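Here's the structure we're looking at; comments come further down.
The values are calculated or read from the model by the stated rules, or taken from the named source; none is laboratory data. Since the structure is predicted, the reported quantities are computational estimates derived from the model, not experimental observations. All Cβ positions, glycine included, derive from the backbone under ideal geometry; neighbour counts span all protein chains shown. These accessible areas exclude ligands, DNA and RNA; they are computed on the full protein's heavy atoms, side chains included. Shrake-Rupley method; radii C 1.70, N 1.55, O 1.52, S 1.80 Å.
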Amino acid sequence: MKFTPEKYRLPDVPMQPFIDADEIQGFLDNTISTPEKVRAIIAKSLSKKRLSLGETAVLLNTTDPDLVAEIKQGARELKKNVYGNRIVLFAPLYIGNKCMNNCSYCGFRASNKDAVRVTLSDEDIVHEIESLEDNGQKRLILVYGEHRDYSPEYIAHTVKIAYSVKKNYGEIRRVNINAAPLDIEGFKIVKDANIGTYQVFQETYHPDAYKKYHLSGKKADYNYRLVSLDRAQEAGIDDVGIGALFGLYDWRFEVLGLVRHVNHLEACYNVGPHTISFPRIKDASTLSVGHKHFVSDEDFAQLVAILRLAVPYTGMILTAREPVEIRNELLQYGVSQIDGGTKLELGSYSNNKEQTQNLNREQFRINDGRTLAEVISELMDQEMIPSFCTACYRLGRTGQHFMEFSVPGFIKRFCTPNAILTMAEYLIDYGSDENREKGWALIEKELEALPDADEVRRRIEEIRNGKRDLYF
Ligand code: SAM
Ligand code: SF4
């Protein structure tokens, strides 16, 4: 599949900056939303085409509540028709919070003397992974501050530990990374450790705002960060995740920045990002960010629905920063991955302590403290299939979300059966009585709608007999 790039003021050249702030602002200032335009744009998205910046700006400039409702309904339809009802689950694991940068929104910043600095030892990491496996986790994202101690070699070393820990039937099958941007050599080193997605959030796509929040440290260089995932691509990592931290600048600008980033990667590497993240700023130790660009719950729901429509084939991640009600609502608009059982304090998965919510020990406050079992239970109540699937990536079917989206029957043939198989493993190995009862009933219902149900049933029987990690 070849993407047809749009033409913007800064041409898309690999490893060259591509954000022109005036151009983006121009789209916002000069675009008018009308019912006809909004409906035509929703229809384009439902026909599986990515939106241009101009089209996305029309949706962003929509304020009429009835039209906003139509945008959300469009996102709901796209999610239902295209992705079905699977939700992929993962957990973050903070490896070290030393940091040489000074991002004013983050509790880990170098100038925060109240922060308790911890780097997990290899032994600590093993204990943390064992506890995560005991809960049923299969997919992790490892998180690091930006510090000379966290070199590419060190990151690769921790990834290898994560893959090596096996407890009972537990194992980690995909390790994603959220860490400082590396140079090409560095990306090659972590690639060789077999990482999944490498995430780098631009935080804000507005260059002047970026300057204001990043006063010192390596991260102060906007352009180095902007093209970091180009370097990842050059190093052979074609599975990358982008994101913006909402609350630093106008949310409408950030959405266009994200869409521009998507089309830059498509234009240069013929593959868009695997995932988009859209964290909202949460309380953090000695937080010093004003409220000027605070994103309300309503605006947040609208922006998630718009992102779903603008980049229909990109995975969307919503984390435990958000409270349960918001997460449940936004799942309907196209979020495809959430974390479950999240603990941010370093070392807290294995020490069995409740979250202390001590901000000197965490990067920011989370607002969903449910255990993984509780998250799974509530997903099943909403008839969503919790999935720990890692099949595509391990079978070399990269660009997974794109395939789900564009290959007819892909979801029915691969994604749903694989989600069911990983859910069956979870229920057998880690399920509570209540979750087992709900879970097997849901699996039965899903199987009735599957063309290849007999083969899936046969494999579930194999899992009951002790086999693991079966996938299509
Ligand atoms: N140090 C690396 C970096 O900055 O890219 C690794 C990631 S940092 C630990 C993970 C992400 O957390 C940041 O990219 C930022 O978007 C987000 N973050 C930082 N402070 C936050 C806050 N107060 N509320 C919500 N998210 C925050
Ligand atoms: Fe350090 Fe990342 Fe926090 Fe910035 S966001 S202070 S780079 S950990």
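At 7 Å along the Cα-to-beta-carbon direction for both ASN30 and GLU374, put a label point, then send me their distance in nm to one decimal.
About 5.1 nm, to one decimal.
In the range 45-78, which trypsin sites (Lys or Arg not before Pro) are in a loop and have at most 16 other Cβ atoms within 10 Å, using DSSP for the loop call? Display every interim value, and only then the final one.
On the way: sites: LYS48, LYS49, ARG50, LYS72, ARG76; in loops: LYS48, LYS49, ARG50.
Here the trypsin sites (Lys or Arg not before Pro) that fit, given the DSSP loop and packing criteria, are LYS48, LYS49.
What's the magnitude of the charge dipole for the range 405-464 around its Cα centre, counting Lys and Arg as +1 and Asp and Glu as -1 at the beta-carbon? Answer in Debye, nearest 20.
220 debye
Given Cα pairs under 8 Å that are at least 6 residues apart, what percent is the relative contact order of the range 242-384? Don't jump to the answer; show the numbers that get you there.
Working: 174 pairs, mean separation 34.6, N = 143.
About 24 percent, as a whole number.
Quick check for you: which residues of the range 140-183 have the amide N under 12 Å from the point 7 Å beyond the Cα of GLU130 toward its beta carbon?
165-168
Using alpha-carbon pairs under 8 Å, 6+ residues apart, how would you state the relative contact order of the range 67-180 in percent?
Working: 143 pairs, mean separation 32.3, N = 114.
Computed over the range 67-180, the figure is 28 percent.
Over all distinct Cα pairs, what is the inverse of the mean 1/r for the range 405-464, reported as the Kirkwood hydrodynamic radius in Å? Show your work: numbers first, answer last.
On the way: mean 1/r = 0.0840 Å⁻¹.
For the range 405-464, the Kirkwood estimate is 11.9 Å.
Can you pull the percent of Cα pairs in the range 1-106 with separation above 22 Å? Write down the numbers at each step before the final one.
Numbers: 3118 of 5565 pairs.
Counting every Cα pair in the range 1-106, those more than 22 Å apart make up 56 percent.
Could you calculate the contour length gain from ASP454 to LYS7, that is, 0.36 nm times the residue separation minus the distance between their Cα atoms, to one decimal place in nm? Write down the numbers at each step before the final one.
Details: separation 447, 0.36 × 447 = 160.92 nm, distance 4.92 nm.
Stretched fully, the ASP454-LYS7 segment lengthens by 156.0 nm.
In nm, give the distance between the simple-model label positions of GLU123 and ASN358, each being 7 Å from the Cα along the Cα-to-Cβ direction.
With each label point 7 Å from Cα toward Cβ, the separation is 2.1 nm.
About its Cα centre, how strong a charge dipole does the chain have in debye, to the nearest 20, once Lys and Arg get +1 and Asp and Glu get -1 at the Cβ? Spell out each step's value before the answer.
Details: 60 positive and 68 negative charges, 148 e Å.
Dipole magnitude for the chain comes out near 700 debye.
Which of the cysteines found in the chain have nothing to pair with, since no other Cys Cβ lies under 4.7 Å from theirs?
Within the chain, the cysteines lacking a partner Cβ under 4.7 Å are CYS99, CYS268, CYS389, CYS392, CYS415.
Projected onto the charge dipole of the chain (+1 at Lys/Arg Cβ, -1 at Asp/Glu Cβ, origin at the Cα centre), which of LEU450, LEU258, PRO11 gives the Cα projection farthest towards the positive end?
Highest projection toward the positive end goes to PRO11.
How long, wide and thick is the chain, going by the Cα atoms along their three principal axes, in whole angstroms, largest first?
Taking max minus min along each principal axis of the Cα atoms, the chain gives 62, 53, 38 Å.
Would you mind checking LYS282/LYS438; LYS98/LYS166; LYS7/LYS48; LYS79/LYS467 for any pair whose Cα atoms are more than 22 angstrom apart? Could the numbers behind the result be given before it?
Values: LYS282/LYS438 34 Å; LYS98/LYS166 28 Å; LYS7/LYS48 20 Å; LYS79/LYS467 32 Å.
Pairs exceeding the cut-off: LYS282/LYS438; LYS98/LYS166; LYS79/LYS467.
Per residue, what accessible area does the chain have, given a 1.4 Å probe and all protein chains present, in Å²?
39 Å²
Farthest toward the dipole's positive end in the chain, which of ASN112, SER45, ILE420, given Cβ charges of +1 (Lys, Arg) and -1 (Asp, Glu) about the Cα centre?
SER45
Can you tell me the dipole magnitude for the range 97-167 around its Cα centre, using point charges on the Cβ only (Lys, Arg +1; Asp, Glu -1), in Debye to the nearest 20?
On the way: 10 positive and 11 negative charges, 50 e Å.
That gives the range 97-167 a dipole magnitude of about 240 debye.
Work out, step by step, the length gained on full extension between GLU153 and ASP299: first 0.36 nm times the residue separation, then minus their alpha carbon distance; give nm to one decimal. Provide the component values of the computation, followed by the final result.
Working: separation 146, 0.36 × 146 = 52.56 nm, distance 4.10 nm.
Result: 48.5 nm gained on full extension.
In whole Å, what is the distance between the alpha-carbon centres of the range 173-199 and the range 200-279?
Measuring centre to centre over Cα atoms gives 16 Å.
Given a cut-off of under 8 Å on Cα pairs at least six residues apart, what relative contact order in percent is computed for the chain? Working shown, then result.
On the way: 846 pairs, mean separation 92.7, N = 472.
Rounded, it is 20 percent for the chain.
Treat each spin label as a single point 7 Å out from the Cα along the C-beta direction, and report the VAL407 to LYS212 distance in nm.
Rounded to a tenth, the inter-label distance reads 4.6 nm.
Just going by the charge dipole of the chain, with Lys and Arg at +1 and Asp and Glu at -1 on Cβ, which of THR342, TYR269, VAL295 is farthest out on the positive end?
Going by the charge dipole, the pick is TYR269.
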